[in-house]
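Notes to accompany the following structure.
The values are calculated or read from the model by the stated rules, or taken from the named source; none is laboratory data. These numbers come from a predicted model, not from an experiment. When we count neighbours, we look across all protein chains shown, and the Cβ atoms used for this are built from the backbone with ideal geometry, even at glycine.
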Amino acid sequence: MASLGRPAGGTAELGAGPAAQSQPVPQTDPAPQRAAPAEPPAAVGALATALSRLRAAIGGASYPLVLPSAEEARRVGGALVSQLDDYLLPRLARLDAPLLVVVGGSTGAGKSTLVNSLVRAPVSASGVLRPTTRSPVLVSHPSDTSWFRKGELLPGLTRTTESSNDPRTLQLVSAPALGPGLAFLDAPDIDSVVDRNRQLAAQLLAAADLWLFVTTAARYADAVPWELLKTARLRGTVIALVLDRAPADAAAEVSTHLAEMLTANDMGAAPLFVLPETTLDGQGLLPEDVTRQLHTWFAQLAADANARGTVVRQTLDGALAALGPAVEGLATAADEQAVVATALDERVSAAYRTARRSIEDGLKDGRLLRGEVLARWQEFVGTGEFLKTLESRVGQLRDRLVSAFTGRPAPGRNLQHALESQLVKLVRGVASDAAEQAYAAWQAYPAGAELLEPTMQKPSADLPERAERMIRDWQQWVLDVVRKEAGDRRIVARGAAYAVNGVGLAVMIAVFTSTAFIPTGAEVAVGAGTTVAAQKVLEAVFGDQAIRRLAARARTELMARVNVLLDAEAARYTDRTAAVGLELEPGSTLRQAAAAVERAREEVALTGTSS
């Protein structure tokens, strides 16, 4: 047999090239040369381990966001997992297992008839109805049946010895006329009208040690088979071709053109066999003289363990080498998923950052001191006479405040409610704006729009209730702080006479100014003296530094609670991107696993050289 080198394009020079139909193949000793199983070297074990890790990485990668690359990544990822499970891992575990020839081609090319003719028995159903082959049929010598029955190769297909229309089954047939060490797998049509058949055909071709492509003079230039041929070439699969039922007056012209097409697609070294148009015998088989050259070619391959091993290693090495570029495409698609998920999250973060700034501004610019809050504060402290005594009668102020804070509980409650109402209104407003901004931003991304629900355009239904509870809890926190401070020995002498509730309300008022109660003309105008009054109240009780400290603490505490509330609102969005399970750097795992496989492949050097 001719040398099985590895010319450009991944095909093997198995005998003669395009003119194989007219050049005899030297005969060899028909006695099969069975290589004894050998313990694989440690490098092969390391390669198997690397492949298993790559398989886990590919299987674990997801592409849940709606992106242009997602569907293709899912398809390629699924195909790679199938190839690893169906072929690469089991074949690497048993390099000495029988060589699998997958017979594929277009509808009506005569694949089943050819397989039957090569083994001289009607083992695979053939006929004029299309599609004929609905489930694959694997034909092997009886001594090789056990290997295929174990299910290590193509483990997803259920083994059966009966004819079946179930595409999930693999019919095993023994054929004594077929030499040991070689098996034929009759695959469904690659251009079948049945989707499942086409998918199965592609899956089986990816599990081939050698692909025997069968076509006809009418179909040899079809686009579908050439796409698969190019894929097989890129994977490094060894390829041979049969031009079946070639009309006598067109055989030379068609075979020449087909050979030119093979050369143009870097497959010029693939052997081409031309079978003339003929009449089938009583069993539906091609005459032996028509198939003799192809039969001899395969018999020679079956008898030569070294030649079979060369084919297996070449195809295996080519498939392993093709993993890197394919996985890089998956890694790029995975990175795109992470980038878009991050962009979606950032849009949400931006919307709710704006909401936080709006609340911070609302606590500083005096807007909350207008309207109801101002009226209730004036009602609480008695603005008219109170303001007249601010500068000259601080001592009397203390007495008035004691009376005001301890004797007028109703105005105090009204002021507390007014503060609560204004804060709730502010929080609801900014939360509503943030929800609308985040919703609009996500709609601009197909991936984001797919994750949206109409209710997300508005704040949560229970936001008002949660905001009210949050503000009441904050008000209670302020009162507790004031109570603690009033109990401090340094303050007792100055402030023990004052009601905690009144001082607490003054602290709350203090939170709503930008200067921590150093009043400006604008603040006095806005609050009609409110800030000045509140400042004097607190100064009379705590002193200037205490005013600043209490106001700052209360403002910080309020914003912390607001942040918790807004974070919960933002989580309605970010929980959806988190739910898709994307890693921070999803492409890294894939790239690292593929690089480990490539290093192990070079170490093993299946074809005798490391690249």
Inset, instruction - Examine segment 352-365 for a residue that is surrounded by 23 or more Cβ atoms within 10 Å (Cβ to Cβ), outside the structural domain of residue 244 (by TED's automatic domain parsing) and assigned to a helix (DSSP H, G or I), and state whether such a residue exists. - result: yes
Inset, instruction - Could you look through segment 156-171, keep only residues that are of a type outside the set (S, T, N, Q) and surrounded by fewer than 21 Cβ atoms within 10 Å (Cβ to Cβ), and pick out the one that is modelled with the lowest pLDDT? - result: 167
Inset, instruction - Within segment 206-214, identify whether any single residue is of a type in the set (Val, Ile, Thr) and within 27 Å of residue 307 (Cβ to Cβ), and answer yes or no. - result: yes
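Can you say whether residue 73 is at pLDDT 95 or above, crowded, with 18+ Cβ neighbours inside 10 Å and small (Gly, Ala, Ser), as far as the supplied structure shows? Write out each step before concluding.
On the way: at pLDDT 95 or above: yes; crowded, with 18+ Cβ neighbours inside 10 Å: yes; small (Gly, Ala, Ser): yes.
Yes: the conditions hold for residue 73.
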Inset, instruction - Just one of (1) at pLDDT below 95; (2) under 29 Å from residue 216 (Cα atoms); (3) in contact with a strand residue (DSSP E or B) (Cβ under 8 Å, 6 or more places away or on another chain) trips up residue 153, so point out which. - result: (2)
Inset, instruction - Examine segment 134-149 for a residue that is surrounded by 18 or more Cβ atoms within 10 Å (Cβ to Cβ) and more than 26 Å from residue 89 (Cβ to Cβ), and state whether such a residue exists. - result: yes
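Count, please, the residues in segment 180-218 that happen to be assigned to a loop (DSSP other than H, G, I, E, B), more than 37 Å from the chain's Cα centre (by Cα) and either buried (at least 22 other Cβ atoms within 10 Å of the Cβ) or of a type in the set (A, V, I, L, M) (or both). Can you show your working first?
Going residue by residue through segment 180-218, those that are assigned to a loop (DSSP other than H, G, I, E, B) are 180-181, 187-194, 206-209, 217-218.
From what's left, more than 37 Å from the chain's Cα centre (by Cα): 180-181, 217-218.
Right, trim to either buried (at least 22 other Cβ atoms within 10 Å of the Cβ) or of a type in the set (A, V, I, L, M) (or both) and you get 181, 217-218.
Within segment 180-218, residues that are assigned to a loop (DSSP other than H, G, I, E, B), more than 37 Å from the chain's Cα centre (by Cα) and either buried (at least 22 other Cβ atoms within 10 Å of the Cβ) or of a type in the set (A, V, I, L, M) (or both) number 3.
Return the residues of segment 429-455 that are surrounded by 18 or more Cβ atoms within 10 Å (Cβ to Cβ), part of a helix (DSSP H, G or I) and within 25 Å of the chain's Cα centre (by Cα); say none if nothing qualifies. Break it down stepwise before answering.
So in segment 429-455, the residues surrounded by 18 or more Cβ atoms within 10 Å (Cβ to Cβ) come out as 430-431, 434-435, 438-439, 441-442, 445, 447-448, 451.
Filter again for part of a helix (DSSP H, G or I), leaving 430-431, 434-435, 438-439, 441-442, 447-448, 451.
438, 439, 441, 442, 447, 448, 451, listed by residue number.
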Legend entry - residue 231 being assigned by TED's automatic domain parsing to the domain that holds residue 168, of a type in the set (Ser, Thr, Tyr) and modelled with pLDDT under 90: yes
Legend entry - Where residue 523 falls short, out of the listed (1) at pLDDT 55 or above; (2) surrounded by 17 or more Cβ atoms within 10 Å (Cβ to Cβ); (3) of a type in the set (D, E, K, R); (4) within 22 Å of residue 425 (Cβ to Cβ): (1)
Legend entry - residue 209 being modelled with pLDDT of 90 or more and of a type outside the set (A, V, I, L, M, F, W, C): yes
Legend entry - Residue match in segment 286-294 (condition: more than 20 Å from residue 99 (Cα to Cα) and touching a His at 6+ places or on another chain (Cβ under 8 Å)): yes
Inset, instruction - Of all residues in segment 425-477, count the ones that are touching an Asp or Glu at 6+ places or on another chain (Cβ under 9 Å) and acidic (Asp, Glu). - result: 1
